[in-house]
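Before we start, here is the structure in question, set down as structure tokens.
The values are calculated or read from the model by the stated rules, or taken from the named source; none is laboratory data. It should be emphasised that the depicted structure is a prediction, and the values quoted were computed from it without experimental measurement. All Cβ positions, glycine included, derive from the backbone under ideal geometry; neighbour counts span all protein chains shown.
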Amino acid sequence: AQKITQTQPGMFVQEKEAVTLDCTYDTSDPSYGLFWYKQPSSGEMIFLIYQGSYDQQNATEGRYSLNFQKARKSANLVISASQLGDSAMYFCAMRPILTGGGNKLTFGTGTQLKVEL
Amino acid sequence: DAGVTQSPTHLIKTRGQQVTLRCSPKSGHDTVSWYQQALGQGPQFIFQYYEEEERQRGNFPDRFSGHQFPNYSSELNVNALLLGDSALYLCASSPGGANTGELFFGEGSRLTVL
């Protein structure tokens, strides 16, 4: 079984500042993938970044980076230079890496980010 | 290139009724999964379809069923609706057999059961 824990129900950040959203996970699978999604009030789940457990380097996608610490089982999302449009709910998720693929994700409870002027 | 599309976007049903939600995967994707997201919670996996068969299933009753068509599109059916079925239903697609980060969601169908 897999479990994702997001301990920050809400976060505030000033515009143009960086913010870190915490995510820890637990799994018995030897290989797995970690995802971060953004969900604005409209409901759409927007893909931000992905990290495979086998990847040697931390993933980056524009202003998003994933601070992956395998020994600590953490996969924190760092957003640099926050913008007002970053205000949304953020979800951390994971899935096992299986022969034949698959897209069964386990999600955390989310962190509501509010960017202020 | 169209992403994952879902319909309808909103619908209202009464207890005991049945509902069908539809999903078209992103171009090039052949695996579709469905999630239920109750208000204030993270999405919960319902099931996944690949090659027109249900491949994995989460902890949902048999009232939840699905189908995948030869063009890879999918339907989610929920019978005997309960008030607790009110939620946002999300569809996700990915390339079959691929263990990558290419897993995208649609905008969801918001179901209200009265």
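Please enumerate the residues belonging to region B:42-68 that are of a type outside the set (Gly, Ala, Ser), surrounded by 13 or more Cβ atoms within 10 Å (Cβ to Cβ) and under 20 Å from residue A:109 (Cα atoms).
Passing the criteria: B:43, B:44, B:45, B:46, B:47, B:60.
Matching residues to (1) of a type outside the set (Asp, Glu); (2) part of a strand (DSSP E or B); (3) touching a strand residue (DSSP E or B) at 6+ places or on another chain (Cβ under 9 Å):
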| residue | (1), (2), (3) |
| --- | --- |
| B:72 | yes, no, yes |
| B:75 | no, yes, yes |
| B:80 | yes, no, no |
| B:93 | yes, yes, yes |
| B:96 | yes, no, yes |
| B:100 | yes, no, yes |
| B:107 | no, no, yes |
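Continuing with the same structure: Restricting to region A:12-33, give me the number of residues that are aliphatic (A, V, I, L, M) and within 14 Å of the chain's Cα centre (by Cα).
2
Which numbered condition trips up residue A:115, out of (1) in contact with a helix residue (DSSP H, G or I) (Cβ under 6 Å, 6 or more places away or on another chain); (2) at pLDDT below 95?
If we test residue A:115 against (1) in contact with a helix residue (DSSP H, G or I) (Cβ under 6 Å, 6 or more places away or on another chain); (2) at pLDDT below 95, just (2) comes out false.
Taking strands (runs of 3 or more DSSP E) that do not extend beyond region A:1-112, which have at least 2 residues that are within 10 Å of chain B (Cβ to nearest Cβ)?
Ranges flagged: A:32-39, A:46-52, A:88-96.
Would you be able to say whether some residue in region A:71-82 is more than 20 Å from residue A:16 (Cβ to Cβ) and hydroxyl-bearing (Ser, Thr, Tyr)?
Yes, region A:71-82 contains at least one residue that is more than 20 Å from residue A:16 (Cβ to Cβ) and hydroxyl-bearing (Ser, Thr, Tyr).
Moving on. Could you list, ordered by first residue, the pairs with Cβ atoms under 6 Å in which the first is in region B:11-30 and in a strand (DSSP E or B) and the second is of a type in the set (S, T, N, Q), at least 6 apart or interchain?
Pairs that qualify, where the first residue is in a strand (DSSP E or B) and the partner is of a type in the set (S, T, N, Q), are B:12/B:112; B:20/B:77; B:21/B:109; B:22/B:7; B:23/B:6; B:23/B:74; B:24/B:5; B:24/B:73.
Answer yes or no: is there a residue in region B:49-70 that is aromatic (Phe, Trp, Tyr) and more than 22 Å from residue A:37 (Cβ to Cβ).
Yes: one or more hits.
Next up: Checking residue B:61 against (1) touching a residue at least 40 places away in the same chain (Cβ under 8 Å); (2) part of a loop (DSSP other than H, G, I, E, B); (3) over 27 Å from residue A:9 (Cβ atoms), which single condition isn't satisfied?
Unmet condition: (1).
Same structure, new question: In region B:74-108, how many residues are among the polar types (S, T, N, Q), touching a His at 6+ places or on another chain (Cβ under 9 Å) and more than 7 Å from chain A (Cβ to nearest Cβ)?
So the answer is 3.
Right, another one. Checking residue B:40 against (1) farther than 18 Å from residue A:1 by Cα; (2) within 13 Å of chain A (Cβ to nearest Cβ); (3) at pLDDT 95 or above; (4) assigned to a loop (DSSP other than H, G, I, E, B), only one condition comes out false. Which one?
Only one criterion in (1) farther than 18 Å from residue A:1 by Cα; (2) within 13 Å of chain A (Cβ to nearest Cβ); (3) at pLDDT 95 or above; (4) assigned to a loop (DSSP other than H, G, I, E, B) is unmet by residue B:40, namely (3).
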